[in-house]
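Working notes, beginning with the structure itself.
Bear in mind these aren't lab numbers, they're just calculated from the coordinates by the rules spelled out. Computed from a prediction, not measured in an experiment: that's the story for all the values here. FYI the Cβ positions are ideal-geometry reconstructions off the backbone, even for glycines, and counts take in every protein chain you see.
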Amino acid sequence: MTQAQFFDALLTPEAAPPPGLVDPLGRVAPRRFDVYRNNVAISLVRALEDGFPVVRRLVGEAFFAAMALVHLRAHPPKGPLLVTYGAEFPGFLERFPPVAHLGYLPDVARLEVVLRESYHAADALPVGSDDLAALSASQILTSRMRLAPSLRLLRSDWPVCTIWRAQTEGGPAPVMQAEDVAVLRPAFDPRPHCLPTGALNVIAGLGDGLSLENALGLAPGVDAGALLTLLLQERGIVEILA
Amino acid sequence: MLDSGHSVLPPAPGVGYKPQHFAAIMAEAGPVGWLEIHAENYMGAGGRPLAQLRALAERFALSVHGVGLSIGGEGPLDAEHLARLKALCGWLHPASFSEHLAWSTHDGVFLNDLLPLPYTTATIRRVCDHIDRVQNVLGRRMLLENPSTYLAFAETEMDEVAFLTEIAKRTGCGLLLDVNNVFVSGVNQSFDPADYIRRFPHDLVGEIHLGGHAEDEADHGMPLLIDAHGSEVADPVWALYAACVSQSGPKPTLIEWDNDVPDWPVLREEAVRAASVLQVAK
């Protein structure tokens, strides 16, 4: 018997165990094989539950577990780092007919993917408001800024940040409108922030190495002071490059 | 780079580290002298997991326990994953590195379970090749853990103690003796766990594991134990452990509790019980 046969039978529900697997008396033993089958299914469903707690809350625990099994057959983990398992889950949700009526669900999953990326991202000492206060207004405008490795941006047609906060922090109920989101990690716990119109472009511009002035040029009308305050308070800037 | 100065695991109780216990362990470790971490949970770039690990390493000897290398796999070892293990061991300098006699990956797909192997000369050759590679890449001796098994292979040619002893002899690796796994496999495979412990090469054992199991039923009404790690260590496993260390002398002994993880005092109480058994074995 090969591991390929064992593997195929594990991931095929109801399939008979491969030949050559026996109990102590040499008899075929499907219930014993099912222990392995259950271990694989339960542990990998749990890995997806750990990664997508808000999607799970939105659809319910039993539904999520059943859906995670379907997802598992289509997208089993491609390596042993389960802390990143689920990158294909948002796309899976887009194509999974039973949740087609929950249009926001794939983007909530995308937000949970980037929150987890942020959680495990590299540490970096943040720039404080004192560092910025030492510069003149024109110096600040011509500066380029290195953003925190834990910062993530997400653009959605749905109010994903408000949905996330409503589910995890008891925030207000969402109004169905598009939201731009910045995920920021001040210490160890990343949190999504809903951005005003255009601010996502400015942060992305900074991330691409533009000066603040040029980044602001991408989205006229953005309140530069409010944006810098958010980034500084949430420790999103790690270096000012004059 | 980090130098904790803990170059060996002490012959004391340790526990499988869970992040929710961080503050409690730092405040009231009790008899816990070392901690074991699952390597795969500490391979990110930063954040809380690595910050906690650095703090723990200053205070405790650490054992890095891999659950994803698939040492028994028919395919080649995952070179990227091996490089990640090397990087982790490179900065953490753990007192021990261990992995399982099992496979978990096939054709690039990771199944997150410790799947069984037939005990044949062909399997010995493959496992030894993989252990040689791991020890060469990591530049250190590893410990290989005996598994819990739920079924047998018709093609198996030798018993598990002989199989593990031969692998250790060929590769120079040490062994991690999981006493709960011996008990679970003994019930499931109808062998005498006490006899297994008596015949085990204790001079090669660098660490002992204890954990809880669950009771189930197999085909034909036979009893089946599941290595669930979701409860206290069972009384017959404590008895087997006492017999084990009375034969081998005190060894670093880990309490594993991975599912339905209890509050710290419950886990610490298990460590206290292990400490009392180790005390008698001195």
Quiz item: Between the range B:219-275 and the range A:151-195, how many Å separate their Cα centres?
Solution: 43 Å
Self-check item: Over the range A:122-242, relative contact order from alpha-carbon pairs under 8 Å, at least 6 apart, %
Solution: 37 percent
Quiz item: Could you state the number of Å between the C-alpha centres of the range B:98-136 and the range A:117-132?
Solution: 41 Å
Practice problem: Report the one residue of B:70, B:123, B:53 whose Cα lies farthest in the direction of the positive end of the charge dipole of the range B:36-146 (charges on C-beta: Lys and Arg +1, Asp and Glu -1; origin at the Cα centre). | Solution: B:53
Exercise. With an 8 Å cut-off on Cα pairs and a minimum separation of 6 or more residues, tell me the relative contact order of chain B in percent.
Key: 19 percent
Quiz item: For residue A:158, which sequence-distant residues (separation of 5 or more, or a different chain) have an amide H within less than 5 Å of its own amide H, given hydrogens modelled in the peptide plane?
Solution: A:179
Quiz item: Considering the dipole of the range A:8-102 built from charges on the beta carbon (Lys and Arg +1, Asp and Glu -1) around the Cα centre, which of A:11, A:72, A:62 is farthest to its positive end?
Solution: A:11
Quiz item: Efficiency by 1/(1 + (r/R0)^6): what FRET value for residue A:2 and residue B:190, r their Cβ-Cβ distance, R0 = 30 Å, to the nearest 0.05?
Solution: 0.70
Self-check item: R0 of 41 Å, Cβ-Cβ distance residue A:102-residue B:20: FRET efficiency to nearest 0.05
Solution: 0.85
